[in-house]
Every structure is written in structure tokens, then in C-alpha cells.
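Asks: I have a structure here, written as C-alpha cells, and I will follow up with some questions on it.
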Amino acid sequence: MAPRPYSGRTPEPDNALSNATGLDLSQNIPTIAIVDDDVVVRGALKSLMRSLGYDASTFGSAEEFLNSEQFSRTSCLITDLHMPGLSGLDLQERLIAQGHRFPIIFLTAYPDEDVRMRAMKAGAVGFLTKPCNHGHLLDCLAKALKAA
């Protein structure tokens, strides 16, 4: 039997689309905002999120994210803790003050228990040390999106 020619379109799945986190993505594709001053980290996280079927947007600073319209479409925020300008904690505080309560996952190369407790008390769903285990990140992401 000869192979079928490529039609130029992606076939629709017969059942609900799901991803590695086990969430049904057939209705609304979650948008993950990634804020990190390291361009390599941003790119890697964006690639990972897209490979899982999510929409992903990246920002080089907390200020860039706050000045965008992205926060109104954000399902979950993954942010670095230590960045020039506003820190990840500062970003969390500003978002809460503005009434934006979407789940936040923190990534840091400099873990500090007091800072972790402060972030978690304010509602963070994860506080991971760089380089982070992708399994732990996916667990936090699944928890975040189920809560959203």
C-alpha cells in the first residue's frame, strides 16, 4: 500500500488531548509565563512547556512581564527568584496587590529557607532549586494548573 500524501494539516485526535501532566488540553490550552533574566533558562523552559502542549511566553524581567498584557492570560507563572530590578518575591507581591492570583512556581540557584517559607505562605505552589529536576517541575505545574 502506498503512503498517503501529506495533507498539510494536523489530524484531530479521536479522544481528549492530554499531556505529561495528565491534564485535558482539548478545551483551553494553558498559558505559562516564564520570567528569568537568563536567556538560556527562558529558552529551555519555553521549549519544555511547548513540548508538553502549553502556550508559553518568556520575559527577561519582572518589569517586562508586568508591563505586558500577558498576565491577564496567564494560567501559571514560573519565575526566577533573584533578578536585576524586581525579584521574584517582589513580582509575587505586586501581582497579589493588583488582584492577580494565578499559581506561581519559583526557581532559584540560591535557596534560602526563610525566603521559601515567605513565598509559599503567599501562595506559591513550588519553590525549586536550579538546576531543577524536570519531574519536580512537572509535578508543581500539574498542581498549579489543577488549582487554577
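The values are calculated or read from the model by the stated rules, or taken from the named source; none is laboratory data. Everything numeric here is computed off the predicted structure, so don't read it as measured data. Glycine gets a Cβ as well: all are built from the backbone with ideal geometry, and neighbour counts include every protein chain shown.
The rows are residues; the columns are (1) among the β-branched types (V, I, T); (2) more than 14 Å from the chain's Cα centre (by Cα).
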residue: S47; (1), (2): no, no
residue: S51; (1), (2): no, no
residue: F59; (1), (2): no, no
residue: T79; (1), (2): yes, no
residue: L89; (1), (2): no, yes
residue: A109; (1), (2): no, yes
residue: R116; (1), (2): no, yes
residue: A119; (1), (2): no, yes
residue: P131; (1), (2): no, yes
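Asks: What's the number of the condition S18 fails, among (1) in contact with a Cys (Cβ under 7 Å, 6 or more places away or on another chain); (2) at pLDDT below 95?
Replies: Looking at each condition in turn, S18 falls short on (1).
Asks: H134 passes all but one of (1) modelled with pLDDT of 95 or more; (2) loosely packed, with under 15 Cβ neighbours inside 10 Å; which number fails?
Replies: (1)
Asks: Inside the range 28-43, can you point out the residues that are surrounded by 15 or more Cβ atoms within 10 Å (Cβ to Cβ) and without any contact (Cβ under 8 Å) to a residue 24 or more places away in the chain?
Replies: R42
Asks: In the set R50, R73, R42, which member is farther than 19 Å from K146 by Cα and of a type in the set (K, R)? Let's see the steps before the verdict.
Replies: On the way: R50 fails: farther than 19 Å from K146 by Cα; R73 fails: farther than 19 Å from K146 by Cα.
Matching residue, one of R50, R73, R42: R42.
Asks: With the checklist (1) within 21 Å of L52 (Cα to Cα); (2) surrounded by 14 or more Cβ atoms within 10 Å (Cβ to Cβ); (3) among the basic types (K, R) in hand, flag the one item R116 doesn't pass.
Replies: Evaluating R116 over (1) within 21 Å of L52 (Cα to Cα); (2) surrounded by 14 or more Cβ atoms within 10 Å (Cβ to Cβ); (3) among the basic types (K, R) leaves (1) as the failure.
Asks: Taking into account only those residues within the range 61-74 that are modelled with pLDDT of 95 or more and in contact with a strand residue (DSSP E or B) (Cβ under 8 Å, 6 or more places away or on another chain), which is farthest from D139 (Cα to Cα)?
Replies: Looking at residues that are modelled with pLDDT of 95 or more and in contact with a strand residue (DSSP E or B) (Cβ under 8 Å, 6 or more places away or on another chain), I get E64.
Asks: Take the residues of the range 75-102 that are closer than 17 Å to L137 by Cβ and among the polar types (S, T, N, Q): which is modelled with the highest pLDDT?
Replies: Residues of the range 75-102 that are closer than 17 Å to L137 by Cβ, as a first pass: 75-81, 88, 102.
Next, from what is left, pick out any that are among the polar types (S, T, N, Q): 75, 79.
Working: S75: 95, T79: 98.
So, considering only residues that are closer than 17 Å to L137 by Cβ and among the polar types (S, T, N, Q), the one modelled with the highest pLDDT is T79.
Asks: G85 - would you say it is surrounded by 16 or more Cβ atoms within 10 Å (Cβ to Cβ), more than 19 Å from G126 (Cα to Cα) and out of contact with any Pro (no Cβ under 9 Å at 6 or more places or on another chain)?
Replies: On the way: surrounded by 16 or more Cβ atoms within 10 Å (Cβ to Cβ): no; more than 19 Å from G126 (Cα to Cα): yes; out of contact with any Pro (no Cβ under 9 Å at 6 or more places or on another chain): yes.
Spelling it out, it is not the case that G85 is surrounded by 16 or more Cβ atoms within 10 Å (Cβ to Cβ), more than 19 Å from G126 (Cα to Cα) and out of contact with any Pro (no Cβ under 9 Å at 6 or more places or on another chain).
Asks: Is there a residue being touching a strand residue (DSSP E or B) at 6+ places or on another chain (Cβ under 7 Å), modelled with pLDDT under 55, within 29 Å of L95 (Cβ to Cβ) and part of a strand (DSSP E or B) anywhere in the range 32-49?
Replies: no
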